Amino acid sequence: MSGGGPPRKRNFKIEAFKHRVELDPKYAERTWKVLEHAIHEIYNHNASGLSFEELYRSAYNMVLHKYGEKLYDGLQNTMTWRLKEISKSIEAAQGGLFLEELNAKWKDHNKALQMIRDILMYMDRTYVPSFHRTPVHELGLNLWRDHIIHSPMILSRLLDTLLDLIHRERMGEVINRGLMRSITKMLMDLGPAVYQDDFEKPFLAVSASFYSGESQEFIECCDCGNYLKKAERRLNEEMERVSHYLDAGSEAKITSVVEKEMIANHMHRLVHMENSGLVNMLVDDKYRDLGRMYALFRRVPDGLSTIRDVMTSYLRETGKQLVMDPESLKDPVEFVQRLLNEKDKHDKIISVAFGNDKTFQNALNSSFEYFINLNNRSPEFISLYVDDKLRKGLKGATEEDVEVILDKVMMLFRYLQEKDVFEKYYKQHLAKRLLSGKTISDDAERSMIVKLKTECGYQFTSKLEGMFTDMKTSQDTMLDFYAKKSEELGDGPTLDVHILTTGSWPTQPSPPCNLPTEILTVCEKFRAYYLGTHNGRRLTWQTNMGTADIKATFGKGQKHELNVSTYQMCVLMLFNNADGLTYKDIERDTEIPASDLKRCLQSLACVKGKNVLRKEPMSKDISEDDTFYFNDKFTSKLVKVKIGTVVAQKESEPEKQGDPPTG
């Protein structure tokens, strides 16, 4: 029996075989000879007779029995010997066969390398990493690099051949791109450093020299547009070349060479080229050439800023000429239309050719802002342009067309530094349109005010909006007046009054004017009606702004309806009671201010086709010694004859048109 206590611990030990396995001393040498023979057979294209299973087992046993070093060194020496023989074959190849021979041998070497690696797979997996040796496939590539590519007889010839083929292709010849692709891929397979150092760097240097010379030739014989086409074509060719047979990493490098030599080195000369540079392209709307210049110049440092600076300088100079041209100042509407045409023209260029580049749009805006403010009448002219469009210019236009025009005007308005000056003129022009009923559309008028309000705020447009309110209120007031007073008024003159709130409308002194008795009677009845319904208000008649339709009978009973100003009406009504009146008589009876009276009489007596009065002595100007007579011989093809007022000398447009009456 065993006593108590823990069980005894037993130690197990694995012992070596008591009988050592003895190898034939010549085993390693004999086995290597078999493998060496197989390697030669593989290179000789006789691999079909080999047993890869037996060869693999032989290589496996050599490594297993510690002959890995002998196997590895033997492989290296054998491949080195084979490659030296191959290099002789490649060196012997003549002319165009050189690359084909190199490529064929490279393919053979790769196939052989694959088979050898399969046979020596066990060595590759165990011996190579353990002893820090180069893997079989990589070893084969390194040996090819050292003994083939870096062979003194091959390297320079290879580079010269490749560069010559590329040059010939650049000159229009067709080359074997497939063969070129195989060779450059071989260089990449040998390592990026081989491709870059042995091919790419010399290729880029030669290309720089080529494009430097070619660009100099082109720029001496081509205009700007054609030069850019050639540069674009060369750039595309190089990118295509990379896609066909160079490494993808070469694209940025070779395009950089073309960009520098063909664009960056000549861009200042190109943009300033006489008769074909940037300014000529802008003037002639050469969208394709401009787009090509933009696309090419954006690839180089300071390229776009060069285009932008020249464009800005051109815009400012032409814009300055436009706004300071004495001829353009004669027609405000044409003045603004030319500005809009310039803006449309360059907006399209920036959109079509410059890809809506914001920096170019900003340059365009700053240029317009610069030159539009050189002329202190720009605010007035822009207001007159709107006035023309809203009176007649947009008649029949669709709502969309009206909006487009108004948006364009607002664009010019934004450039104005003196927006308050524009407001002053716009207020006067709007008043004239509303009071004369000559606006094409209330909707268009309100749309413009909404745009101004959006741009400048409520304060800017509050008085303009007040005008519309007054017009509506006046319309309602007149309907009520005639509804209540029609019997009392009888068949007398018809009165249409606009009651305008002082402060909302442009202010103007109310010069004296003696209205005809018939008109004065109706006016007083309206005053009594209005003040009777609006306590605490005061009415002031603005006779300098009114109009009248009066019927006149001339010789042979010819009747016309004359559309005249209130002043003209007052003058004409005097001739109901007199055949002839002196200037002094008319001045005394009407009390119209002298300057207004002379313009009034000039319109009635001195304008051909509108001369319902005649004066003695005949002349174009009015003198205080003149005498006026009713012109019995007046004739017109029109039943309704509109008689305007001759504009005063040295008056700005708002002054010519006058301010509306207020009350």
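Quick notes
- Cα long-axis angle, helix 52-64 against the chain (0 to 90 degrees, to the nearest 10): 80
- Helix 332-352 and the long axis of the chain differ in direction by around 10°, with both axes built from C-alpha atoms.
- Pairs beyond 28 Å (Cα-Cα), from LYS427/LYS584; LYS330/LYS610; LYS584/LYS620; LYS286/LYS451; LYS320/LYS408; LYS286/LYS419: LYS427/LYS584; LYS286/LYS451; LYS286/LYS419
- The residues of the chain expose on average 54 square angstrom of accessible surface per residue, using a 1.4 Å probe on protein heavy atoms.
- Here the 3J(HN,Hα) profile of region 479-496, calculated from phi with Karplus coefficients 6.51, -1.76 and 1.60 at θ = phi - 60°, is 4, 5, 4, 6, 5, 8, 10, 4, 5, 5, 6, x, 9, x, x, 8, 10, 10 Hz, Gly and Pro shown as x.
- Rounded to the nearest 10 degrees, the inclination of helix 378-388 to the longest alpha-carbon principal axis of the chain is 70 degrees.
- Potential lengthening between ASP118 and LYS320 on full extension [0.36 nm per residue; Cα-Cα distance subtracted]: 64.6 nm
- Percentage relative contact order, the chain, counting C-alpha pairs under 8 Å, at least six apart: 7
- Put the Cα centre of region 224-300 next to the Cα centre of region 538-556 and the gap is 71 Å.
- Accessible-area composition of the chain, carbon plus sulfur, in percent [1.4 Å probe]: 50
- Efficiency of FRET from Cβ geometry, ASP309 and ARG391, R₀ 35 Å, rounded to 0.05: 0.25
- For the chain, the 222 nm mean residue ellipticity estimated from helices alone, with every DSSP H stretch of n ≥ 4 adding -39500 (n - 2.57) and the total spread over all residues, rounds to -20000 deg cm²/dmol.
The values are calculated or read from the model by the stated rules, or taken from the named source; none is laboratory data. Note that this is a predicted model, so its numbers are computed, not measured. Methodologically, a virtual Cβ is constructed for each residue, glycine included, from the backbone with ideal geometry; neighbour enumeration extends over all protein chains shown. The protein model used for the area step is the full one, side chains on, heavy atoms only, and it has no ligands, DNA or RNA in it. Shrake-Rupley method; radii C 1.70, N 1.55, O 1.52, S 1.80 Å.
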